[in-house]
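I have placed the structure first, in the form of structure tokens, so that the comments after it can refer back to it.
The values are calculated or read from the model by the stated rules, or taken from the named source; none is laboratory data. These numbers were taken from a predicted model, which means no experiment stands behind them. We place every Cβ from the backbone using ideal geometry, glycine too, and count neighbours over all the protein chains shown. SASA here: full protein model, heavy atoms, side chains in, ligands and nucleic acids out. Shrake-Rupley method; radii C 1.70, N 1.55, O 1.52, S 1.80 Å.
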Amino acid sequence: MQYRSTRGQAPELSFEEVVLTGLAEDGGLYVPTSLPQFSADELEAMAALSYEELFCRIVKPFVGDCLSDDELRTLTEKAYAPFRHSAIAPLKQLGPQAWVLELFHGPTLAFKDFALQFLGQLMAHILKKRGEKVVVLGATSGDTGSAAIAGCRGLPNMDIYILFPNGRVSDVQRRQMTTIDDANVHNIALEGTFDDCQHIVKTLFVDAAFKQEHRLVAVNSINWARILAQVVYYFYAGLALGAPQRAVAFSVPTGNFGDIYAGWLAKRMGLPVADLVIATNTNDILARCVATGTYSMNGVVHTISPSMDIQVSSNFERLLFDLYDGDADAVFSLMASLKQNQSFTLGDAQHAALCEAFSSASADDETTKAVIRDVYARTGELLDPHTAVGVKAAELSRRHPDAPMVTLATAHPAKFPDAVVSACGATPVLPEFLSDLFERDERFDVLANDPEAIKRYIGG
Ligand SMILES: *Cc1c(COP(=O)(O)O)cnc(C)c1O
């Protein structure tokens, strides 16, 4: 399968190339030139598969000849072996027709493990085949860094460098990164803010000579392989709740739009999806776009669901490309308008298509805490703040009461203990395998907020 850019001015790439490429040359994102379709009969036959078997069935058409069936199978098993629940993505019922899909049983307790565990194995496979080495470089405000490190640790032909703002990530988040002792993992505590970290990473990526010399790659949420891996759990949950006979709705705590875009792909590939609810916190650019048809930036606010604190959602561009039927020129102009005017307005037909497939609602911090409190009182379950935003949005925008509503539980409550305790008084407990996290040795270097210092560190 070939991949093309949403802005239409970059070369088409193979799957293998797309995995090692971040943004397209024209600033666009890569999307497949066609989508596989699964019929109702095929879906029915998939209902009995294990998570790993289902993964191989769904992913296979996308990888072309990059992986044989056996290679895909082996790689998938390696990717999901570290998950601590035998169902990989278990469903839990919270009420009548209301479920959560627990996506936090991976090594770092967040749904990003689903994509990054797979991406690490996939990159290792491709690099070995090509006889190449890469440097994975990223900045994190806490969450993504640990999932990326867990995905790459100990793998051949890659070193990973993660920058985080010194003293400004939570103890749990820092320790999830700095207690990993594999030789290819390099933690950098930058003397600066998260924005400084991001700025340095961007500076190094646009330094063509440095980028080429060290073969820098990004594993951020625009990477196609990450989206692809996430498509699988929509099918898994849908089939478990009665698809293809019954349509299922999903509510997705949303930041960069990667996760919910995977749900949209599942729908286009044949899964009956009654609704896709875009759940946002106070950073509600997407909810406003669904309501009005205008996508307009208005700054970032810090909330108790920090992984959804975004100004713009990068992967929304992929949906625009689909809403405009693959018209890359139209996407190009919308993105140019966003850059120039901090906003764009969808055409009437595209806005109508958006509202047909998606609904959206937001929850502020007080509402989020009230949900945590209420669900705990009703069911004894502790939700993390991101998941709580999803549960609220599911309640607020329920358009198909007969369809089971599945909220994606994107993080374990013990990753955000302060918010949970302040909401309901109960302290979420870290799973057994992380219970000694605070006794483990940490390893990181504190470096100056200076791109040259980071270049020397990586180069030496
Ligand atoms: C990254 C993240 C999100 C947002 O996912 P997107 O794919 O960026 O929309 C939501 N919740 C948690 C816990 C996350 O880590």
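What the table below lists for this structure:
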{"item": "Per DSSP, loop trypsin sites (Lys or Arg not before Pro) in the stretch 349-416 with at most 16 further Cβ within 10 Å", "result": "Arg399"}
{"item": "Separation in nanometres of the label points that stand 7 Å from Cα toward Cβ, at Ala453 and Ala48", "result": "6.1 nm"}
{"item": "Heavy atoms of Leu447 accessible to a 1.4 Å probe, total area in Å² rounded to 10", "result": "30 Å²"}
{"item": "Reference-scaled alpha-carbon Rg (2.2 N^0.38 Å with N residues) for the stretch 258-377", "result": "1.13"}
{"item": "Rounded accessible area of Tyr457 (nearest 10 Å², 1.4 Å probe)", "result": "60 Å²"}
{"item": "Net charge dipole size for the chain [Lys, Arg +1 and Asp, Glu -1 on Cβ; Debye, nearest 20]", "result": "140 debye"}
{"item": "Protein-only accessible surface order, largest first, of Trp264, Trp99 at 1.4 Å", "result": "Trp99, Trp264"}
{"item": "Solvent exposure, largest accessible area first (probe 1.4 Å, DNA, RNA and ligands not counted), of Arg456, Arg130", "result": "Arg456, Arg130"}
{"item": "Over the stretch 348-435, relative contact order from alpha-carbon pairs under 8 Å, at least 6 apart, %", "result": "29 percent"}
{"item": "Leading residue at positive end of dipole, the stretch 288-428 (Cβ point charges), from Ala403, Ala353, Val290", "result": "Ala403"}
{"item": "Farthest toward positive dipole pole in the stretch 1-123 [+1 Lys/Arg, -1 Asp/Glu at C-beta], among Gly120, Val100, Thr74", "result": "Val100"}
{"item": "FRET efficiency for Arg130 and Arg246, using Cβ-Cβ distance with R0 set to 25 Å, rounded to 0.05", "result": "0.05"}
{"item": "Under 5 Å, built H, 5+ apart or other chain: amide partners of Asn184", "result": "Gly154"}
{"item": "For Ser333, solvent-accessible area (1.4 Å; no DNA, RNA or ligand), Å²", "result": "70 Å²"}
{"item": "The stretch 63-124: trypsin sites (Lys or Arg not before Pro) falling in loop per DSSP and having at most 10 other Cβ within 10 Å", "result": "none"}
{"item": "Translational diffusion of the chain, µm² s⁻¹ [Kirkwood Rh, Cα pairs; Stokes-Einstein; 25 °C; 0.890 mPa s]", "result": "110 µm²/s"}
{"item": "Length-normalised contact order for the stretch 386-460 - Cα pairs under 8 Å, 6+ apart - percent", "result": "20 percent"}
{"item": "Flagged links, alpha-carbon separation over 30 Å, of Lys112/Lys369; Lys60/Lys415; Lys392/Lys415; Lys60/Lys112", "result": "Lys60/Lys415"}
{"item": "His386, His85, His214, reordered so the largest accessible area comes first (probe 1.4 Å)", "result": "His85, His214, His386"}
